[in-house]
Amino acid sequence: MEKIHILDLNFLDTQEAIACFLVETDQGPLLVETGPESTYPVLEKKVEALGYHMEDIKQVLLTHIHFDHAGAAWRLAEHGAKIYVHPVGKPHLESPEKLWNSAKQIYGSEMERLWGKMMPIPEEQVIPVQHGAELHFSKNSFRAIHTPGHAIHHIAWKMGEIIFTGDVAGVKIDGGPVVPPCPPPDIHIESWKLSLAKLKAENAEALYLTHFGIINDIDRHLDNLSYVLDDWAKWIKPYFEKDIPQKEVIREFMAYTQIYLKREGCSDQLLKVYEYANPSWMSVAGLYRYWKLKSQGRI
Ligand SMILES: [Zn+2]
C-alpha cells in the first residue's frame with residue numbers, strides 16, 4: 001500500500017497555506033505538486049527528513065501551473081524528474097517568461113520573496129497528460145481527471161480511492177469553511193461546477209487539498225464550495241456592471257469574505273492564512289474577468 005505524506009511548505013512562515021504530497025510507491029517517491037520555488041528549501045528539508053534525496057524523485061504530477069503549485073517544478077526537473085501536466089500547461093513550463101512577466105507586473109518587487117524564481121524546463125521532461133490518461137508506476141496508478149473552472153488546464157489526480165484536487169475542490173484550512181480561489185485568467189463558473197460534478201461521480205473516499213489537507217465528507221464539501229462560488233460571483237457582478245474600479249471593490253470584498261470566515265469560527269491568525277492561500281484581490285480580478293468575457297459573449 002502506498003503511503004502519502006502531506007508536506008507543509010510553511011509558505012510565508014505560516015502553517016497549512018500550501019502543501020505538496022510525497023507518495024511512496026514501489027518505484028520510489030513521487031511528488032504531487034511542488035509548491036512555489038520560494039519554499040524549495042523547506043521542501044528539500046522535508047523530503048530529506050523522510051529519508052530521501054531530491055534526486056530520488058523521478059516523477060512530479062502537477063494539477064496546474066500556478067506558482068503556488070508548480071513554481072518549483074523546474075528544480076525537480078534539474079534533478080532529473082519528469083513533470084506531468086495538462087497539454088495546455090506544457091508550453092508555459094518550457095518557456096515561463098510570459099507567465100513570469102505578467103505576474104511580475106502585479107507583484108513587482110515582491111515577486112521573488114513570494115514565489116522565488118522560475119526557469120525553463122527542457123521539453124523532453126514535460127509530459128503532456130490528457131483527460132482519462134493513466135500513469136502507472138509499478139502497482140500505483142494515477143488517472144488524470146480534467147477539471148477546468150479554476151484553470152483551463154487543471155487536472156485532478158485519482159490514485160486508488162483518493163483524489164488530489166489541486167484548487168478545483170477549493171481552499172479549506174484548519175477547520176475553516178471552504179472557499180473558491182478565483183484568480184484570473186481562466187475562471188469559469190459553469191465549467192467549475194461541471195468539474196465538481198465529475199469529482200462527485202468518482203465516489204472517492206478522500207480528497208487531498210493543496211490548501212490544505214484531507215476531506216472525507218466529500219459531497220457536503222463540494223456542495224458548500226459550489227454555494228460559495230455562486231455567492232462570490234453574484235456578489236461581484238453588480239460592481240462589474242457599475243464599472244467600479246477593482247481597487248475599491250477589493251476592500252469591500254475582503255471585508256465581506258472576512259465576516260463570513262469569522263462567522264464560521266476562524267481566528268484572526270487563520271484569516272491571514274486564508275488570505276495568503278487565496279488572496280482577495282486575485283478573486284476580484286478573476287471574477288471581474290469572468291463577467292467581462294461573459295458580457296462580451298466570449299465565454
Ligand atoms: Zn493554489
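Of all residues in region 242-265, those that are within 20 Å of residue 292 (Cβ to Cβ) have Cβ atoms under 6 Å from Cβ atoms of residues that are open to solvent by 50 Å² or more (accessible area, probe 1.4 Å), 6 or more apart or on another chain, in 250/281.
Considering only residues in region 82-97 that are in contact with a helix residue (DSSP H, G or I) (Cβ under 7 Å, 6 or more places away or on another chain) and more than 26 Å from residue 171 (Cβ to Cβ), the one that is most open to solvent (accessible area, probe 1.4 Å) turns out to be 82.
A quick yes/no check of all residues on (1) in contact with a Phe, Trp or Tyr (Cβ under 8 Å, 6 or more places away or on another chain); (2) outside any helix (DSSP H, G or I); (3) under 30 Å from residue 205 (Cα atoms):
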residue	(1), (2), (3)
219	no, no, yes
234	no, no, no
238	no, no, no
243	no, yes, no
247	no, no, no
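Just a yes or no: is a residue in region 255-266 at pLDDT 95 or above, more than 16 Å from the ligand (Cβ to nearest atom), open to solvent by 50 Å² or more (accessible area, probe 1.4 Å) and within 22 Å of residue 188 (Cα to Cα)? Yes, region 255-266 has at least one match. Taking region 61-76 as the range and being more than 8 Å from the ligand (Cβ to nearest atom), open to solvent by 20 Å² or more (accessible area, probe 1.4 Å) and under 9 Å from the mean Cα position of the chain (by Cα) as the test, only 67 passes. Of the numbered criteria (1) away from the ligand (no atom under 13 Å from the Cβ); (2) in a loop (DSSP other than H, G, I, E, B); (3) within 20 Å of residue 90 (Cα to Cα), the one residue 203 fails is (3). For residue 89, are the conditions met, namely being of a type in the set (Gly, Ala, Ser) and more than 18 Å from the chain's Cα centre (by Cα)? Criteria not met by residue 89.
The values are calculated or read from the model by the stated rules, or taken from the named source; none is laboratory data. For clarity, every value in this text was computed on a predicted model and none was experimentally measured. Glycine also receives a Cβ, built like all others from the backbone with ideal geometry; neighbour counts cover every protein chain displayed. Ligands, DNA and RNA are excluded from the accessible area calculation, which covers all protein heavy atoms including side chains. Shrake-Rupley method; radii C 1.70, N 1.55, O 1.52, S 1.80 Å.
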